[in-house]
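The values are calculated or read from the model by the stated rules, or taken from the named source; none is laboratory data. This is a predicted model, so every value here is computed, not measured. Backbone-built Cβ (ideal geometry, glycine too); neighbour counts: all protein chains shown.
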Amino acid sequence: MAHSPTPRRVRALLFDKDGTLIDFRATWLPAYEAAVMDIAGGDPARADELLTAGGYHRKTGAIDPRSLLAAGTNVEIAALWAGMAGIADAAALAASLDRRFQAHARAGIAPVGDLKALFARLRRNGYALGVATNDSESALKAQITALGIAGATDFLAGFDSGHGAKPGPGMVQAFGKALGVRPAEIAVIGDSLHDLEMGRRAGAGLLVGVLTGASDRRTLAAMAHHVLENVMEIERVL
């Protein structure tokens, strides 16, 4: 684990969405389970096979933090499930999953805390704020609005926004360019190694892991400068 940069160097914060601002298990596991039951034609055993291939073992509750269901895009998830289920049009399945997950989020999104208050405090303290996700840009915008923080963000990027997907560095690079901030002045906050690897590759000055997603403390500590129980604690490391 590298030494943390001095707090005065951090001017901008780039947050992951799922597992960081949104409770991953409470929000997305029910959506995944409902989707695979439809794909499997109502066969619970087949549904479990699809979930397990994606990285979620429903019987034990374990989630592989490097798996597609934890850190992949809907396109990648759809390609996996389409191949297993014999669905010829993976792109159509991806579009269907995106619509389905967006509808689910409108009804059942679970924030990790009072994000509106947190983002307001961070803005008052002079930080530029962004959100980067391997979800689609349209889903990101809808969910940020539902969380009440759309007006507090300076930058939003999904896997389809033209900056590449995680763990590539493009979203961090685009965030810095848009805000006129050097990579060393950016903190990247996320629940997975995909998030932290994105920040590391881009040269971000501060990497912060949170435990509201699929990864445990030991996994995140291998790359993060700090590991927090919840993103609501972020102010204590800035």
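Observations
- If you go through the stretch 18-57 and keep only what is surrounded by 16 or more Cβ atoms within 10 Å (Cβ to Cβ) and not in a helix (DSSP H, G or I), you end up with D18, G19, T20, L21, I22, D23, A40, G55, Y56.
- Some residue of the stretch 77-87 being assigned to a loop (DSSP other than H, G, I, E, B), without any contact (Cβ under 8 Å) to a residue 40 or more places away in the chain and outside the structural domain of T133 (by TED's automatic domain parsing): yes
- Filter result for I109 (buried (at least 17 other Cβ atoms within 10 Å of the Cβ) and within 18 Å of L13 (Cβ to Cβ)): no
- Residue list for the stretch 143-165, filter: within 22 Å of L122 (Cβ to Cβ) and either charged (D, E, K, R) or assigned to a helix (DSSP H, G or I) (or both): Q143, I144, T145, A146, L147, A150, G151, A152, D154
- Annotation note: of A31, A47, A62, A117, the sole residue that is among the aliphatic types (A, V, I, L, M), under 30 Å from V172 (Cβ atoms) and touching a residue at least 12 places away in the same chain (Cβ under 8 Å) is A31.
- Some residue of the stretch 74-91 being buried (at least 17 other Cβ atoms within 10 Å of the Cβ) and not hydrophobic (A, V, I, L, M, F, W, C): yes
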